Amino acid sequence: MQRKAKALLKQMKKIGLNRGLFDDAIDEHNLWEETLNSLGKADLAIVVAQILKDEDQTAFPLVYNFNSSIFFFCKAGMIEDALRAYRRMVEMKIQPTSQTFAFLMCGYSSLGMYQEITILWGDIKRFTRSGNLVGNKDLYELLLLNFLRGGYFERVLEVISHMRDHNMYPDKWMYKNEFLR
């Protein structure tokens, strides 16, 4: 696999894709290569454990498994099963990511269940305050659009205030058009 990775990196450099999004992947690949060359392949398990311990990762592989389950259930319109997966995730003390909340919001939105999104907003605020979730602009914009569609204007103002507190500014034109619909 290492030869294939090197060949892919060379092709990306030729095309000019090594800038921006792929810089982190290239740096991570080089770090792995240097680590493996210095220690030897027998110590791979120890190295992986050390790197995962050293990094401040809040997303474990289980999070991605839960997220894919939640996405599947929401896409299929099986929101009850998606909620069970989400609750199980929280019970197991696995921290949901912004992607988890986005999948749930899209599922609720597709079924017109805007009131339940207000409950998700409470969970998002709780996880953000505890420092376990770093909200991003996309998540907050998705919240804004859904609250506008559902007619929860007080929540819209609350999300906008929360965004401003975190130095994020919404696209007023997009929300104005959504409001006028």
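The values are calculated or read from the model by the stated rules, or taken from the named source; none is laboratory data. Fair warning: this is a prediction, and the values are worked out from it, not measured in the lab. Cβ sites come from the backbone with ideal geometry, for glycine too, and all protein chains shown count toward neighbours. Areas reflect the complete protein model, heavy atoms only, side chains present, ligands, DNA and RNA absent. Shrake-Rupley method; radii C 1.70, N 1.55, O 1.52, S 1.80 Å.
Just the residues that are of a type in the set (D, E, K, R) and in contact with a Lys or Arg (Cβ under 8 Å, 6 or more places away or on another chain), please, taken from the stretch 150-180.
Narrowing the stretch 150-180 to residues of a type in the set (D, E, K, R): 154-155, 158, 164-165, 171-172, 176, 178.
Scanning the stretch 150-180 gives a single hit, 178.
Checking residue 108 against (1) under 17 Å from the mean Cα position of the chain (by Cα); (2) buried (at least 20 other Cβ atoms within 10 Å of the Cβ), which test does it fail?
Against the list (1) under 17 Å from the mean Cα position of the chain (by Cα); (2) buried (at least 20 other Cβ atoms within 10 Å of the Cβ), residue 108 comes up short only on (1).
Looking at 146, 132, which one is open to solvent by less than 30 Å² (accessible area, probe 1.4 Å) and either at positive phi or within 19 Å of the chain's Cα centre (by Cα) (or both)?
Values: 132 fails: open to solvent by less than 30 Å² (accessible area, probe 1.4 Å).
Only one candidate qualifies: 146.
Can you name every residue in the stretch 121-178 that is more than 21 Å from residue 104 (Cβ to Cβ) and of a type in the set (Lys, Arg)?
If the condition is that a residue be more than 21 Å from residue 104 (Cβ to Cβ) and of a type in the set (Lys, Arg), then 164, 172, 176 are the ones that fit.
Exactly one of (1) crowded, with 18+ Cβ neighbours inside 10 Å; (2) touching a Leu at 6+ places or on another chain (Cβ under 7 Å); (3) over 30 Å from residue 91 (Cβ atoms) is unmet by residue 121. Its number?
In the conditions (1) crowded, with 18+ Cβ neighbours inside 10 Å; (2) touching a Leu at 6+ places or on another chain (Cβ under 7 Å); (3) over 30 Å from residue 91 (Cβ atoms), residue 121 misses (3) alone.
Restricting the search to the stretch 158-181, which residues are among the polar types (S, T, N, Q) and open to solvent by 70 Å² or more (accessible area, probe 1.4 Å)?
Answer for the stretch 158-181, where residues must be among the polar types (S, T, N, Q) and open to solvent by 70 Å² or more (accessible area, probe 1.4 Å): just 167.
Restricting attention to the stretch 52-90, report how many residues are among the acidic types (Asp, Glu), modelled with pLDDT under 90 and in a helix (DSSP H, G or I).
Residues meeting the conditions: 1.
Scan (1) under 22 Å from residue 79 (Cβ atoms); (2) at pLDDT below 85 for the single condition residue 172 breaks and write down its number.
Only one criterion in (1) under 22 Å from residue 79 (Cβ atoms); (2) at pLDDT below 85 is unmet by residue 172, namely (1).
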